[in-house]
Structure formats: structure tokens, C-alpha cells
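Accompanying notes for the structure given below.
The values are calculated or read from the model by the stated rules, or taken from the named source; none is laboratory data. In this text the structure is predicted, and so the values were computed from the model without any measurement. Note: ideal-geometry Cβ built from the backbone for every residue, glycine included; neighbour counts use all protein chains shown.
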Amino acid sequence: MTAARELVTDGGLETDLIFHRGVDLPDFAAFPLVADAGGRRLLADYYTAYAAIAAGAGAGLLLETPTWRASKDWATRLGYDTETLAGINREAVTFLRGLAETWADRVGETRISGQIGPRGDGYRPGAAVDPDEAAAYHRSQIAAFHEAGADLATVLTLTDVGEALGVVAAARDVGLPVAVSFTVETDGRLPGGTTVADAVAEVDAAGGPAYYLLNCAHPEHIERGLGEHGAWRERIQGLRVNASTMSHEELDEAEELDDGDPDALASAHERLEAALPAVRIVGGCCGTDARHVAAMWGQPTPGR
């Protein structure tokens, strides 16, 4: 475990809900749970496991709202209008703020992040994204997080530099700090072949986010794309890795969850962190749950 570590964050919310808790999530959208009392109880149980890991590790906690799909195009597919969607995004922040207060005496710093997802499908990227269009699209969700008092916004599973540029511009307009997380293929590069180093350099040249993360890839895949050492590695401050070594295409077609081995994932994660010494946020992504995140933090699985 590196000295830079500060914040525990959660695992693969959607895969945990679908495969371990039997929840139906059309379009992989968890945000409707925020508007339902039973859904909020389920989410509270989910997040509490990660708060327990943070308490045991003596670390802080980064709570990400369950709003990866809570943007206009996805919400419209599910029958939500603009006003209702904005209300759910605000309520998601308020909900997590209340949950954080119940752990205030056991967990030190707790930060609430409004989570954003790509406009398209993170596993099936389409055409290059125009930054101005991306800024216009994501601005309303970021504004809702800001209105509700989120500490920051985090966009996860980006495949395109243009969309990252747009999210950063929108967050700057709104006045909310933002973090950008790219995903990579099995060769360690963004879809289309851009290296992480080049993606970071291009977004930073336009002002850049507060920091970057990498998510939705196995540590071995990320490691393959690191290339030469450089100052850009210091900009990667978070990792949310997949449990499986399968490609995005293979995962998208899989009918059963590949949740790998938590201890093996923790070992692979430790090797990756050695190459990314600024990582302070550690959690999981698809296929991971509290078992995997606990292993990465050297803690027992909560409740076991």
C-alpha cells in the first residue's frame, strides 16, 4: 500500500446490484433507486460497506453518487423529463451527504462527488466527440450537483479526449471542481489508440481537471499502456479497476459476472500503484464489490 493513499471509494455499483442483489437496471442505470425509499435503503447498505473499509483503514471516504447514467439522453430513454432528472441528481448528493454524517465519528474526511458518465456507451465508443457539444450536454448535470452542494464532480469511463475537454469546460463554467477518468482497452490505450499520456497532455493544455483517474480496466491492461516515465503520471490520482482480465467487448457480451479473485486483484493493483505514485483514491469498477476493495486496502470484508 502506497503512502499517497487517502480515500476509499466504492466498487462496481451496477454489477454488484445486478449480479449480487438481483436488481434490474435497464440501460445500466442506478439513479432511479434514489427516488425510491426501498432503493435508498439498498444504496445505503451498499455504501456502508465502503465506509466500514475506510474506518478500518484509517482513511477518508469518497462517496460517488449513483448517477453514471443520469444525463439527458439516457434518462429520456427511461422516461425521465429534464426537471425530474435534475431533482434526482440533486437528491443523490443530499442522500450521500446524510449517509456521510452517520459515519462522521468513524471516518475522517468524507467527500461527495457527483458522478457523470459518457454520453455514449463506455464499452462501445462511437465517433469523436466535439468538446463544445459535450460541454453543452453535461453542463446541466454538473449544475445540479453544484446546486446540491457536492464537493466535486467526477466523470468516469471516458473513451474520448473531446468529451473530457467538454466536461472540464462545463465544470469550469459552473464553478465546480472536476476529475476526469479515462478507460483503456487491453493494450492500455484509449479506444482509437490514444495513449493515456497524450490524453492527459491534451486536456491539461486546455486548463485540465483537478486530477485524473483510470477506471474500468484490469490493472494489467492499464500497466501495458504506461510507456515512458513522465510528469503526467503525477496527474493520475485515482484508480477504479475491473476484477476481470477480459476485454470490454468480452465483458459486454458475457452473461455471467467474472468477479476474478480479490487477492490476485489486490496484488496486481499494488504493482500498478508502484508505477503511479500519486494515486490517493482507490476503489473498483465492473465486477468488483466490497471484497475486492477491502483486499486492496488490506482490510477484512465488512460483515465477514
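Conditions (1) over 23 Å from Thr154 (Cα atoms); (2) in contact with a Cys (Cβ under 8 Å, 6 or more places away or on another chain); (3) aliphatic (A, V, I, L, M); (4) touching a residue at least 24 places away in the same chain (Cβ under 8 Å), marked per residue:
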position: Leu226; (1), (2), (3), (4): no, no, yes, yes
position: Ile236; (1), (2), (3), (4): no, no, yes, yes
position: Thr245; (1), (2), (3), (4): yes, no, no, yes
position: His248; (1), (2), (3), (4): no, yes, no, yes
position: Glu253; (1), (2), (3), (4): yes, no, no, no
position: Asp261; (1), (2), (3), (4): yes, no, no, no
position: Ala264; (1), (2), (3), (4): yes, no, yes, no
Next item on the list: Please report, ordered by residue number, the helices (runs of 4 or more DSSP H) entirely within region 191-304 with at least 1 residues that are out of contact with any strand residue (DSSP E or B) (no Cβ under 6 Å at 6 or more places or on another chain) and basic (Lys, Arg).
Entry: 219-224, 262-275, 290-296
Check: What do you reckon, is Thr15 loosely packed, with under 14 Cβ neighbours inside 10 Å and either part of a helix (DSSP H, G or I) or in contact with a Lys or Arg (Cβ under 7 Å, 6 or more places away or on another chain) (or both)?
Finding: no
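Return the residue satisfying two criteria in turn: it lies in region 25-68 and is of a type outside the set (A, V, I, L, M) and not in a helix (DSSP H, G or I), and of such residues it is farthest from Ser181 (Cα to Cα).
Restricting attention to region 25-68, the residues satisfying the condition of being of a type outside the set (A, V, I, L, M) are 26-28, 31-32, 36, 38-41, 45-48, 50, 56, 58, 60, 64-68.
From the residues that got through so far, the ones that are not in a helix (DSSP H, G or I) too are 36, 58, 60, 64-68.
Details: Asp36: 29, Gly58: 25, Gly60: 20, Glu64: 13, Thr65: 15, Pro66: 16, Thr67: 15, Trp68: 12 Å.
Only one residue fits best here, namely Asp36.
Looking at Thr48, Thr67, can you tell me which residue is out of contact with any Ser or Thr (no Cβ under 6 Å at 6 or more places or on another chain) and under 27 Å from Gln299 (Cα atoms)? Step through it out loud before you land on a result.
Numbers: Thr67 fails: under 27 Å from Gln299 (Cα atoms).
Exactly one of Thr48, Thr67 is out of contact with any Ser or Thr (no Cβ under 6 Å at 6 or more places or on another chain) and under 27 Å from Gln299 (Cα atoms), namely Thr48.
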Item checked: Considering residues of region 22-41 that are acidic (Asp, Glu) and touching a helix residue (DSSP H, G or I) at 6+ places or on another chain (Cβ under 8 Å) only, the residue farthest from Gly79 (Cα to Cα) -> Asp24
Next item on the list: Look at region 23-59 and say how many of its residues are among the hydrophobic types (A, V, I, L, M, F, W, C), out of contact with any strand residue (DSSP E or B) (no Cβ under 6 Å at 6 or more places or on another chain) and touching a residue at least 60 places away in the same chain (Cβ under 8 Å).
Entry: 5
Next item on the list: Determine, yes or no, whether Asp151 is within 18 Å of the chain's Cα centre (by Cα), of a type in the set (Asp, Glu) and at pLDDT 95 or above.
Entry: yes
Margin query: Exactly one condition in (1) in contact with an Asp or Glu (Cβ under 8 Å, 6 or more places away or on another chain); (2) hydrophobic (A, V, I, L, M, F, W, C); (3) part of a helix (DSSP H, G or I) is false for Val129; which is it?
Written below: (3)
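Of a type in the set (S, T, N, Q), touching a Gly at 6+ places or on another chain (Cβ under 9 Å) and crowded, with 20+ Cβ neighbours inside 10 Å, is that true of Thr195? It would help to see each step written out before you state the result.
Numbers: of a type in the set (S, T, N, Q): yes; touching a Gly at 6+ places or on another chain (Cβ under 9 Å): yes; crowded, with 20+ Cβ neighbours inside 10 Å: no.
The answer is no for Thr195.
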Notebook entry, point to check: Restricting the search to region 154-177, which residues are part of a strand (DSSP E or B) and farther than 26 Å from Gly188 by Cα?
Noted result: none
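Listed here are the residues, each with its yes/no results for (1) within 21 Å of Arg106 (Cα to Cα); (2) surrounded by fewer than 18 Cβ atoms within 10 Å (Cβ to Cβ); (3) among the hydroxyl-bearing types (Ser, Thr, Tyr); (4) over 14 Å from the mean Cα position of the chain (by Cα).
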residue: Gly58; (1), (2), (3), (4): yes, yes, no, yes
residue: Ala70; (1), (2), (3), (4): no, no, no, no
residue: Ala75; (1), (2), (3), (4): no, no, no, yes
residue: Tyr80; (1), (2), (3), (4): no, no, yes, yes
Next item on the list: Working only within region 111-164, note down all residues that are charged (D, E, K, R) and either surrounded by fewer than 20 Cβ atoms within 10 Å (Cβ to Cβ) or farther than 20 Å from Val200 by Cβ (or both).
Entry: Arg111, Arg119, Asp121, Arg124, Asp130, Asp132, Glu133, Arg139, Glu147, Asp151
Margin query: Can you confirm whether Ala143 is assigned to a helix (DSSP H, G or I), within 22 Å of Asn89 (Cβ to Cβ), modelled with pLDDT of 95 or more and under 18 Å from the mean Cα position of the chain (by Cα)?
Written below: no
Item checked: Pro118, sole failed condition from (1) in contact (Cβ under 8 Å) with a residue 24 or more places away in the chain; (2) assigned to a helix (DSSP H, G or I) -> (2)
Margin query: I'm trying to understand the selection: among the residues of region 69-95, which are over 20 Å from Asp151 (Cα atoms) and outside any helix (DSSP H, G or I)?
Written below: Leu78, Gly79, Tyr80, Asp81
